[in-house]
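Undergrad: Please see the structure below; I have some questions.
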Amino acid sequence: PAKLALIGSSLGGYYATYLAEQLGCRAVLLNPAIRPYDDLRAYLGAQSVYFSDATIDMKPEYLDELRAIDVPRITRPERYFLVAATGDELIDWRTMVEKYSGCRQRVIEGSDHALSDFASYLDEVLAFCGVP
C-alpha cells in the first residue's frame, strides 16, 4: 500500500476514498462525489449510456450500496490530494474542500467538472503519486 496511489474523478473519487481508507494507500481525488447516494436519487430508473444505444436501470439498492461505503471522516489526511474546480457544474467545490479539510488541496479557479485543463496539473498529481 505504501507505493500504491489511486486517482479517481467524480464517482471514481468517491470509490478511491473508500479504497484508500481500506488499503492504507494514497489517493488523488479530482472533483470527487461527496454524497452520490443523494445526488443520484434523481436518476433512478432507466438511464441512457453515453455514446451507446444501451440503457441501465438505476435501482434504489445501488444508492444503498454507495451509502454503505461512505467514509464519514478521513483518517490520514496526508494520504490524500484533492483537486477541486470552483467551476464544477455538478458538485459544489466547497463541499469537497470541507470533506477533505486537512488534506493537500489544489482549488482551481474556474475549470469544470471534467477538469478540461487537467494537463496543467498532471505533474503535481504524478509527483504526489510518487511518479518522477
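Undergrad: Which three lengths, in whole Å and largest first, does the stretch 54-94 cover when its Cα atoms are put on their principal axes?
TA: 37, 28, 17
Undergrad: Let me ask something else. Just to be sure I understand: of the beta bridges DSSP finds with both ends in the chain, what percent are antiparallel, rounded to 5?
TA: The antiparallel fraction comes to roughly 20 percent.
Undergrad: Between VAL49 and ARG67, 0.36 nm times their residue separation minus their Cα-Cα distance comes to what?
TA: 4.2 nm
Undergrad: Any chance you could run the full-extension gain for GLU89 through VAL131? It's 0.36 nm times the residue separation minus the Cα-Cα distance, nm to one decimal.
TA: The GLU89-VAL131 span can extend by a further 12.1 nm.
Undergrad: Arranged from highest to lowest average of other beta-carbon atoms within 10 Å per residue, in what order do the peptides 59-70, 24-35 appear?
TA: Result, highest mean first: 24-35, 59-70.
Undergrad: Next up: What FRET efficiency comes out for ARG35 versus ALA114 if R0 is 25 angstrom and r is the Cβ-Cβ distance? Round to the nearest 0.05.
TA: 0.80
Undergrad: On C-alpha positions alone, give me the angle between the axis of helix 11-23 and the longest principal axis of the chain, in degrees, nearest 10.
TA: 60
Undergrad: Still on this structure, please answer the following. In whole Å and largest first, what semi-axes does the C-alpha gyration tensor of the stretch 1-106 yield when each eigenvalue is scaled by 5 and square-rooted?
TA: 25, 15, 13
Undergrad: Among SER52, SER10, which comes first, then next, by fewest other beta-carbon atoms within 10 Å?
TA: Listed from fewest to most nearby Cβ atoms, that is SER52, SER10.
Just so you know, all these numbers are worked out from the coordinates, no wet-lab data involved. Being a predicted model, the structure only gives us computed values, none of them experimental. Note that each Cβ is placed from the backbone with ideal geometry, even for glycine, and that neighbours are counted across all protein chains shown.
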